[in-house]
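Note sheet for the following structure.
The values are calculated or read from the model by the stated rules, or taken from the named source; none is laboratory data. Keep in mind that this is a model prediction, so the values were computed, not measured. Every residue, glycine among them, receives a Cβ derived from its backbone with ideal geometry; neighbour counts consider all protein chains shown.
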Amino acid sequence: MSDKIQLYSLATPNGQKVSIALEEMGLEYDAHTIDIREGDQFTDEFIAINPNSKIPAIVDPTGDNGKPFAVMESGAILIYLAEKTGKFLPKDPVQRSKTLQWLMWQMAGLGPMFGQLGHFTRYAPQERDLSYGQERYEKEAKRLLKVLETQLNGQEYVAGNELTIADFAIMPWIVCLDVYYEAAERLELDSYKNISKWRDKLLERPAIKKGMDVCKFS
């Protein structure tokens, strides 16, 4: 195995958050595309790395006292990488807690709810009655956007005025609403001025730009 971190991913929001972190932290890594449309996540080789068959996953070749160490779940990967490098996760207990709170908010709320919105508006069989699901998840997506818009009021980043892994986790999902789910008009995304400013500022960073394009859909 290479002495670099091995990334197994696809350029979904959950995959992008990890490749962004790797780029921003300056870690060397090899990227391997796991095409979830083709069932790559169910191969024995991938299950050995992530028994839950989800992307992304990483293997740190020396992470376990010099032995390979696999990490699954994008939020757990972000914390692992931040602790490994000492970057983008504040050491101050209060600021650290704020960062982790917003990371967990993304993992438990924003990501799953936005994903359901995308499913019911873009990918579910259109011959089915999807109106209930569409109404439910559009309403919740708007509520979550309002929460984020309020949180960004008067500060540069999600957890304060310092860039953290919480920003890496949340921003790709905002991009996804427009680029993949084509829900910008449905959600009136442009009306969230703080979110738009924050998103655009992050996307100007070269490392984030590069991270967004790792393991792209072919």
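When L7, L22 are checked against the criterion of being assigned to a strand (DSSP E or B), hydrophobic (A, V, I, L, M, F, W, C) and either over 23 Å from M113 (Cβ atoms) or modelled with pLDDT of 95 or more (or both), a single residue qualifies: L7. Contact map, the range 206-217: residues that are modelled with pLDDT of 95 or more paired with residues that are among the hydrophobic types (A, V, I, L, M, F, W, C) and surrounded by 14 or more Cβ atoms within 10 Å (Cβ to Cβ), Cβ distance under 6 Å, separation 6+ or inter-chain. Pairs shown: I208/I20; I208/L202; G211/I20; V214/A31; C215/L10; C215/A11; C215/A31; K216/A11.
Restricting attention to the range 148-182, which residues are farther than 24 Å from G75 by Cα and either of a type in the set (D, E, K, R) or crowded, with 20+ Cβ neighbours inside 10 Å (or both)? Show your work before the answer.
Pass one, the range 148-182, residues farther than 24 Å from G75 by Cα: 153-154, 182.
Within the range 148-182, E182 is the sole residue that qualifies.
Of the candidates E83, E73, the single residue that is acidic (D, E), under 20 Å from K54 (Cβ atoms) and not assigned by TED's automatic domain parsing to the domain that holds L177 is E73.
Pairs linking a residue in the range 142-165 that is on the phi > 0 side of the Ramachandran plot to a residue that is crowded, with 18+ Cβ neighbours inside 10 Å and of a type in the set (D, E, K, R), with Cβ atoms under 7 Å and 6 or more positions apart or on different chains, are G160/K98. Just name the residue that is surrounded by the fewest Cβ atoms within 10 Å (Cβ to Cβ) out of those in the range 183-201 that are among the hydroxyl-bearing types (S, T, Y) and free of Cβ contacts under 8 Å to residues at least 12 places away in the same chain. Ranking the qualifying residues of the range 183-201, first place goes to S191. One residue stands out among those in the range 1-22 that are touching a strand residue (DSSP E or B) at 6+ places or on another chain (Cβ under 9 Å) and over 12 Å from I55 (Cβ atoms): the one that is surrounded by the most Cβ atoms within 10 Å (Cβ to Cβ), which is L22. Working only within the range 3-38, note down all residues that are closer than 14 Å to T62 by Cβ and either of a type in the set (A, V, I, L, M, F, W, C) or in contact with a Phe, Trp or Tyr (Cβ under 9 Å, 6 or more places away or on another chain) (or both). Once the filter is applied, which keeps residues that are closer than 14 Å to T62 by Cβ and either of a type in the set (A, V, I, L, M, F, W, C) or in contact with a Phe, Trp or Tyr (Cβ under 9 Å, 6 or more places away or on another chain) (or both), the range 3-38 yields K4, I5, Q6, L27. Looking only at residues of the range 57-106 that are small (G, A, S) and without any contact (Cβ under 8 Å) to a residue 40 or more places away in the chain, we find that the one that is farthest from R143 (Cα to Cα) is G66. For the range 122-141, check the following and say yes or no: at least one residue is within 20 Å of the chain's Cα centre (by Cα) and either part of a loop (DSSP other than H, G, I, E, B) or touching a residue at least 60 places away in the same chain (Cβ under 8 Å) (or both). Yes, the conditions are met somewhere in the range 122-141.
If you go through the range 118-133 one residue at a time, do you hit one that is touching a helix residue (DSSP H, G or I) at 6+ places or on another chain (Cβ under 8 Å), within 30 Å of L22 (Cβ to Cβ) and among the hydrophobic types (A, V, I, L, M, F, W, C)?
Here is the first cut: in the range 118-133, the ones touching a helix residue (DSSP H, G or I) at 6+ places or on another chain (Cβ under 8 Å) are 118-121, 124, 130, 133.
Of the ones still in play, those that are also within 30 Å of L22 (Cβ to Cβ) are 118-119.
Checking the rest, the ones that are also among the hydrophobic types (A, V, I, L, M, F, W, C) come to none.
No, that holds for no residue.
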